[in-house]
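The values are calculated or read from the model by the stated rules, or taken from the named source; none is laboratory data. Note that the structure is a prediction, hence the values are computed from the model and not measured. FYI the Cβ positions are ideal-geometry reconstructions off the backbone, even for glycines, and counts take in every protein chain you see. Keep in mind that these areas ignore ligands, DNA and RNA; they rest on the heavy atoms of the full protein, side chains included. Shrake-Rupley method; radii C 1.70, N 1.55, O 1.52, S 1.80 Å.
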Amino acid sequence: MPFRSDLGPKPRLGYTDSRIARAAELRPDATAIATLSQHPGAGAYVIAGDWIVLKKGSPLHEPLFTMAEAQALSAATETIFLGLLDGAPRFGHGLAPQTGEALKSRDNLYVTDLRSIAVQGLVAPEHLPPIAEAKAVLHWHARHRFCPNCGAATRLVQGGWKRDCQQCKAEHFPRTDPVVIMLASDGERCLLGRSPRFVPTMWSCLAGFIEPGESIEDAVHRETREEAGITCGRVVYFASQPWPFPASLMIGCHAEALTHEIVVDREELEDARWFSKGEVEAMLMRKHLEGLTTPPPVAIAHHIIRAWVEDEINFD
């Protein structure tokens, strides 16, 4: 009989479905951006390197500060315009990482990393996409203050969505690095791997950066072959997820496994193995006899794996 799964309601994919309209048409107008920053409903997410500053609350913390509250914490290294939420402007207020460390001593603040916020559900889910947006763009600014073309200092323009070099006139824009994340399967089994960085129980999809001149399908084939020695055939797109660690786009796919002998690249993976649907369902439900688990629902890997267990993938 075909495998049947009952995993319950599907969880929300983290960092997606932002309610903010980015209002890119306003970015070139510095006067409009300055005026928006004075709007009574304006709010800012405070990012200090990898640290996210929150106002302590119960049961959830509050990540949105008024512009005055954000400025009172410390002057911004950069301020970026994120867009509009029902007409109310939203900004990212960047601080130096050491400032974030210092703010940990404040009784009314909670300073932690974005992974912890997402996995532990420390803020309302609708805040995750703009926090991810702010973190990724501010990370780019912190590493692009000088022109890679001539070495001169660059300046922030267009609400934080561009840096100009006044020396050589080069224009620089925030970048996103595309990553394929894929689940190879042969029908009844799927291939999962373990990175040395994972918690001891967790197994997940294989993943890797797309190289220049490479299609999504070619990257899926190459990465699966390089990391686990498995040759794949057909590839189907599943979904995508912005991944602000620091600034990637995870492109989720399913791949048809054509071979079965695993050869693990120990430079990339700690281990890789085949799992049955019943075993993976137990992992998703945190009921595996050996205590093995999959990534949490905030990660696209969880959703890719669950779709396979629930027979939602068709290579035809």
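At 7 Å along Cα-to-Cβ for each site, give me the label-to-label distance between Arg273 and His144 in nm.
Distance between label points: 4.3 nm.
With no other cysteine's Cβ closer than 4.7 Å, which Cys residues of the chain count as lacking a disulfide-compatible partner?
Cys190, Cys205, Cys232, Cys253
Give me the accessible area per residue for the range 60-210, probe 1.4 Å, as a whole number in Å².
With the other protein chains kept in place, the range 60-210 gives 45 Å² per residue.
Test of understanding: what is the full-extension gain from Asp29 to Arg286, defined as 0.36 nm times their sequence separation minus their Cα-Cα distance?
87.4 nm
Using the basic label-point model (7 angstrom from Cα toward the beta carbon), what is the Ala153 to Arg225 distance in nanometres?
4.9
How do the peptides 284-294, 131-141 rank, highest first, by the average count of neighbouring beta carbon atoms within 10 Å per residue?
Ranked by mean Cβ neighbours within 10 Å, highest first: 131-141, 284-294.
Say we join alpha carbon atoms closer than 10 Å with springs in a Gaussian network model of the chain; which of Gly92, Gly49, Gly57 then has the biggest fluctuation?
Top of the fluctuation ranking is Gly57.
Most fluctuating residue of Gly213, Gly278, Gly159 in a GNM of the chain with Cα springs under 10 Å: which is it?
Gly213
Sort 262-268, 236-242 by packing, meaning the average of other beta carbons within 10 Å per residue, with the highest value first.
236-242, 262-268
First compute the accessible area of the range 105-242 with a 1.4 Å probe, then give the percent of it belonging to carbon and sulfur atoms.
C and S fraction of accessible area: 50 percent.
With a ≥ b ≥ c the root eigenvalues of the C-alpha gyration tensor of the range 82-195, is it rounded (a/c under 1.5), prolate (a/b larger than b/c) or oblate?
Taking the square roots of the gyration eigenvalues as a ≥ b ≥ c, the range 82-195 is oblate.
Within the chain, what percent of beta bridges assigned by DSSP are antiparallel, to the nearest 5?
Expressed as a percentage, antiparallel bridges in the chain total about 75.
For the pair Ala72 and Thr201, how long in nm is the line joining their label points, each one 7 Å along Cα→Cβ?
Computed distance between label sites Ala72 and Thr201 equals 4.2 nm.
Taking only DSSP H segments of four or more residues, each worth -39500 (n - 2.57), what value at 222 nm results for the chain once the sum is divided by all its residues, to the nearest 500 deg cm²/dmol?
-7000 deg cm²/dmol
Apply the a/c threshold of 1.5 to the C-alpha gyration tensor of the range 233-316 and tell me whether it is rounded, prolate or oblate.
rounded
Rounded to two decimal places and with Rh computed the Kirkwood way over Cα pairs, what is Rg over Rh for the range 1-135?
We get a ratio of 1.06 for the range 1-135.
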